[in-house]
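One structure below.
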Amino acid sequence: MRSFFFLTFTFITTYTNAQQQAFKLNFNIESEFEKFGDGELLDSKGVPEPSTTKQSVLLLTSESFTISSVNKESRYYDFDNEIILTTNKDTLKSAVPIYSVIDYRVSEYTNRTYLSDILQAGGVGDALGDLANLESIFGLEIDKNRIRDSIKLLSSKNVDQYSFKGNVLAKVKYSTSPIPKKYQKAFARYMSYNWQIHPYIRQEIVQKNQIPEWVEFSYSNVGTKTTKLYTLINSEPTSYIPFDLSNKKLVYNKSRDNMNELVNAMSISTLIDPPKKYNSSDYFNEAKKLAKAEQNLSGLLRLFQYLLSTGEQPVDEIRAIASKQKSDNAVSTFIQCLNRPKSKEEAEEKIALLEGLIKLDVKYGFVMNIFAANYIEPIDQSKAIDYFYQVLSKDPYITGVYLDLGKIYASRYQHDDAWKCFGVMLVLKPDHSMAQELMRKKSDLKENYPEYFK
């Protein structure tokens, strides 16, 4: 029988009456779509209908801005804290580390260039577009491509037109109003994160230091050409109440088949609440008591729970219980399963052994799902996520799980979910030995794509 748990995080309002200055830009956005090239080989669903919507951009500081749409949903980009928060009225819907965006773009750009080479070799043509198009979609400028050297500018009647090999990439008409100096950096970042326009053209717009009256740009994505026209409705100085996370609340419905909701809740609650403290004596003392009561497997699993949560290895404590494997079949079997399998057959054998131990329903038996998840992951990622859920639904503070789970999401190009996991890990235990991999990844992204960061 499926069970449901409802957790509500409610935060006390701490808004002050102190308003601060901001700069507002309101745009009307028209989108049109058409087939191009050999797109029918890739997409049989047809093209979307033309659409028109409105968008409000609030440039708050040089290090933050918000985007609001007609459905009242807002995205708050906070570069000081490296987070993107999505809200709807008084509800905080998600909190995603800002690294998610560029990490996804780099991964997808790499994937598209690889697929493009395969398709062109197979005679399909340019269904994914040329390199200028791919750099525009993903907001990346790859030095070796030298695309900016071939982008041509034609100016006529106060309209700048940018073309690459005869194809128009963008047109810009400027107003006579400047972008206030205080908000120029925020406006540049707004374009980087939200306009599918080549980085060189974005750079040109920023250097003009005039608010665009309208911007039209086109890009081709998997057989569909998209043209967007951003028309400025108005721009004006305004005031705002500083964003306050403590005024947001999340209602979290946790069901047994929904890992995403658990990860989303943890990514938010770890922002609000102080990090969990891992007291080694709590783990060690209980493990000793369990072993004394001849519940050796439970005692051993309690120690592994500590190891995987903190990255610290209680070698002596583990050795004391593991030494009983000759007289304890359950401990012996578990220890046999600790070495990573070298083949699919060996993995399936060890998973079966672990599942047998889990069915014994010993205390902390859920920890063994971590090993089963890692062994099944190369064979069945969905099953691995299910195993991880069995762990996190019992103890959502086992830090190491979030790295492995995040990697699965990243391999599926679900980078928002991946970085929620990575973010949780770095908040819970930033000095975890496994966290160093994430710190290096963050450092590399910042170094290679500085325009996306503070």
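Taken together, the values in this text are just the output of simple stated rules run on the coordinates, not laboratory data. Computed from a predicted structure; not experimentally measured. In this analysis, Cβ positions are derived from the backbone assuming ideal geometry, glycine residues included, and neighbour counts consider all displayed protein chains.
Would you grab the residues whose amide H sits under 5 Å from the one on residue 362? Only those 5+ places off in sequence or on another chain, please, with H modelled 1.01 Å from N.
For residue 362, no residues qualify.
Which entries of 24/173; 157/181; 89/225; 171/420; 208/442; 144/446 show an alpha-carbon separation above 29 angstrom in the structure shown? Could you put the intermediate results ahead of the total?
Details: 24/173 19 Å; 157/181 26 Å; 89/225 34 Å; 171/420 37 Å; 208/442 31 Å; 144/446 19 Å.
Correct reply: 89/225; 171/420; 208/442.
Within the chain, which complete DSSP H helices have Cα atoms spanning at least 30 Å along the helix axis and a mean Kyte-Doolittle hydropathy of -0.5 or higher?
Details: long enough: 99-121 (33 Å, -0.38).
Correct list, ordered by number: 99-121.
In terms of Cα to Cα distance under 16 Å, which aspartates and glutamates are near enough to residue 35, apart from those fewer than 8 places away along the same chain?
43, 49, 126, 130
Taking semi-axes √(5λ) of the Cα gyration tensor in Å straight from the coordinates, which label in (1) 79, 24, 21; (2) 40, 30, 19; (3) 48, 27, 18 is the correct one?
Comparing each candidate, only (3) matches the computed number.
Which FRET efficiency, nearest 0.05, do residue 316 and residue 394 yield, Cβ-Cβ r, R0 30 Å?
In this case the efficiency is close to 0.70.
Remind me, relative contact order of the chain in percent, using alpha carbon pairs under 8 angstrom and six or more residues apart? Intermediate values should be presented prior to the final figure.
Values: 762 pairs, mean separation 85.7, N = 454.
Computed over the chain, the figure is 19 percent.
How much length is gained on full extension from residue 20 to residue 380, taking 0.36 nm per residue of separation minus their Cα-Cα distance?
Working: separation 360, 0.36 × 360 = 129.60 nm, distance 5.12 nm.
Extending this stretch completely gives an extra 124.5 nm.
Under the 0.36 nm per residue contour assumption, what length would be gained going from the current alpha-carbon distance of residue 439 and residue 90 to full extension? Walk me through the numbers before you get to the answer.
On the way: separation 349, 0.36 × 349 = 125.64 nm, distance 3.25 nm.
Gain in length upon complete extension: 122.4 nm.
Which residue, chosen from 385, 109, 235, occupies the Cα position most advanced towards the positive end of the dipole of the chain, where the dipole is computed from +1 (Lys, Arg) and -1 (Asp, Glu) charges on Cβ about the Cα centre?
Farthest towards the positive end: 235.
How large is the charge dipole for segment 267-372, taken about the Cα centre, if only the Cβ atoms of Lys, Arg (+1) and Asp, Glu (-1) carry charge, to the nearest 20 debye?
Numbers: 15 positive and 14 negative charges, 40 e Å.
For segment 267-372, the charge dipole is close to 200 debye.
By the gyration tensor of its Cα atoms, with a ≥ b ≥ c the square roots of the eigenvalues, what is the shape of segment 158-253: rounded for a/c under 1.5, prolate for a/b over b/c, or oblate? Kindly include the intermediate steps, with their values, before the conclusion.
Values: a/c = 2.57, a/b = 1.39, b/c = 1.85.
Oblate.
Taking 0.36 nm per residue of separation and subtracting the Cα-Cα distance, what length does fully extending residue 165 through residue 288 add?
Numbers: separation 123, 0.36 × 123 = 44.28 nm, distance 7.23 nm.
Fully extending the segment from residue 165 to residue 288 adds 37.1 nm.
Give the lysines whose C-alpha is closer than 18 Å to that of residue 289, dropping any in the same chain fewer than 8 places away, or say none.
Leaving aside lysines fewer than 8 places away in the same chain, those within reach of residue 289 are 324, 363.
Show the residues, 5+ positions off or on another chain, whose built amide H is closer than 5 Å to the amide H of residue 98.
So residue 98 has HN proximity to 83, 84.
Quote the relative contact order of segment 42-169 in percent (integer), defining contacts as alpha-carbon pairs under 8 Å separated by 6+ residues. List each step's numbers first, then the result.
On the way: 139 pairs, mean separation 13.1, N = 128.
Rounded, it is 10 percent for segment 42-169.
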